[in-house]
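What follows is one structure encoded as structure tokens, with my remarks underneath.
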Amino acid sequence: MNAARLTRAVLRALVIILLCASQSSAKRKLCGAALQSHLVRVCTFAYERTPCFSSRFPKSNSVRSTGARAFTGIANQCCEEGCTVLDMRATCCFKLSCLKRCYPNSGYGRRINGEEAVKII
């Protein structure tokens, strides 16, 4: 009987863990200020105060009632269809060139003894 209880407890724990893990990849509908707040958190590089976005947000195709192809950005996608953290992260840019552009006084890419002071992965 103790083994059966233990098995049920372990199964319940696994279900809870799986539910929590699936929430991070679940699509959420976010619009306006809520979306802006999430994008700022997702796209702000460590120890910085402002986000760093790519110069061109990724676009997705959609068709309007006229049949013409229209391009909508992350705001429309998140508000209408929902988006994941990975979708939002695609608007960020953490390449060295972006960090230099977004945070010009932070010294990203500066060389110390012939090596980069900050290595970006």
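The values are calculated or read from the model by the stated rules, or taken from the named source; none is laboratory data. Here the structure is a predicted model, which means the values were calculated and not measured.
When you scan the stretch 8-121 for helices (runs of 4 or more DSSP H) that lie fully inside it, which ones turn up with 1 or more residues that are acidic (Asp, Glu) and modelled with pLDDT of 70 or more?
Working: elements: 32-43, 85-89, 96-102.
Per the criteria, 85-89.
In the stretch 79-103, what residues are hydroxyl-bearing (Ser, Thr, Tyr) and more than 23 Å from Lys27 (Cα to Cα)?
Selection gives Ser97, Tyr103.
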